[in-house]
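Below is one structure, written out as structure tokens; comments come after it.
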Amino acid sequence: DSSTNVGEEIDYTITGIEPGAGISVTTEKAIEEYENLDGWQVEQSSTAAMITELEKAINNEEPIVVTGWNPHWMFTKFDNLKYLEDPQGVYGEVEQIKSLARKGLAEEKPNAYKLIDQFNWSVEDMEGIMYESSDSGEDIATVAKRWVEDNPDKVAEWTEGVEDVNGVSVELVSTPWDSERASANVVAEALKQKGFEVTITPVDVAVMFEAVANGDGDATMAAWMPQTHADFYEDFKDDFVDLGANLDGAKIGLVVPEYMEEINSIEDLEA
Ligand code: PBE
């Protein structure tokens, strides 16, 4: 029946991820902004649960709307996904992933600060680690460590002018997603090569911003801006140092399988 209402079929539910994610907050905003999403809800659970639901739907060619983002391997594992157009710009355009340092880090641990400030890589670099880990089943940390060994030229750009130290500790705070586990682990590896002792603490986005702002953590490489983490950034921006982008070309949005041919824009989701 060509008049099938997708909303009804999926119970007016967007399949989402962890409640602490920026994309979950943004999706609540989308539901408020788009009149046609009146009465819709986000089912928040975990990234793994969302991927399982997505895989199940694709295998049965059933409709599903998920919260999706790049860099991520979901677009390689499933080669038939598309972002929905977002005419109201709730999810924004292209995003950057920024590094933030606590105030005082530059003075107290100048070499760590310098390396973190110089850390910069591409979507392809980050996704390479994520694909390899999802393919081989190896932990992101293991793959990231190998990536650092295999990419001495890139790492040399981050360590340029950084002097060796003897066991200075650095506390990185990050989020639990694979993308951020990749960046935190490559930076940790590069810091270790220079003699630092590094810990990585994955926490909720809000806690990550708070930790860098109150000095519990030295730095993070995991701030998605200008959209995904905007609320958290605003809350704490007077209390951290913004080191700029470490990656350009990230993206978030609502994602559906291509076989949902009639659905190309968020506005195509019926109330
Ligand atoms: N993500 C991946 C996170 C940031 C990294 C897009 C799921 C989020 O806060 O939404």
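Figures for the structure shown
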item	result
Sole exception among (1) assigned to a helix (DSSP H, G or I); (2) within 16 Å of the ligand (Cβ to nearest atom) for M221, by number	(1)
Meets criteria (open to solvent by less than 20 Å² (accessible area, probe 1.4 Å) and not in a helix (DSSP H, G or I)) for L191	no
Members of region 65-82 found to be in contact with a strand residue (DSSP E or B) (Cβ under 8 Å, 6 or more places away or on another chain) and either within 13 Å of the ligand (Cβ to nearest atom) or not in a strand (DSSP E or B) (or both), listed by number	V65, V66, T67, G68, W69, N70, P71, M74, F75, F78, N80
Residues satisfying the stated conditions in region 10-51, i.e. without any contact (Cβ under 8 Å) to a residue 40 or more places away in the chain, under 21 Å from E180 (Cα atoms) and open to solvent by 20 Å² or more (accessible area, probe 1.4 Å)	P19, Q44, S45, S46, A48, A49
Residue within region 193-202 that is within 15 Å of the chain's Cα centre (by Cα) and of a type outside the set (S, T, N, Q) present	yes
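Results for (1) within 12 Å of the ligand (Cβ to nearest atom); (2) in a loop (DSSP other than H, G, I, E, B); (3) more than 19 Å from V205 (Cα to Cα), shown as yes or no for each residue.
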| site | (1), (2), (3) |
| --- | --- |
| P19 | yes, yes, no |
| V25 | yes, no, no |
| E32 | no, no, yes |
| S45 | no, yes, no |
| T52 | no, no, yes |
| I58 | no, no, yes |
| E62 | no, yes, yes |
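The values are calculated or read from the model by the stated rules, or taken from the named source; none is laboratory data. Quick caveat: nothing in here was measured; it's all calculated off a predicted structure. Ideal geometry is used to build each Cβ from the backbone, glycine not excepted, and the neighbour counts take in all protein chains shown. Just the protein is used for accessible areas: all its heavy atoms, side chains included, with ligands, DNA and RNA removed. Shrake-Rupley method; radii C 1.70, N 1.55, O 1.52, S 1.80 Å.
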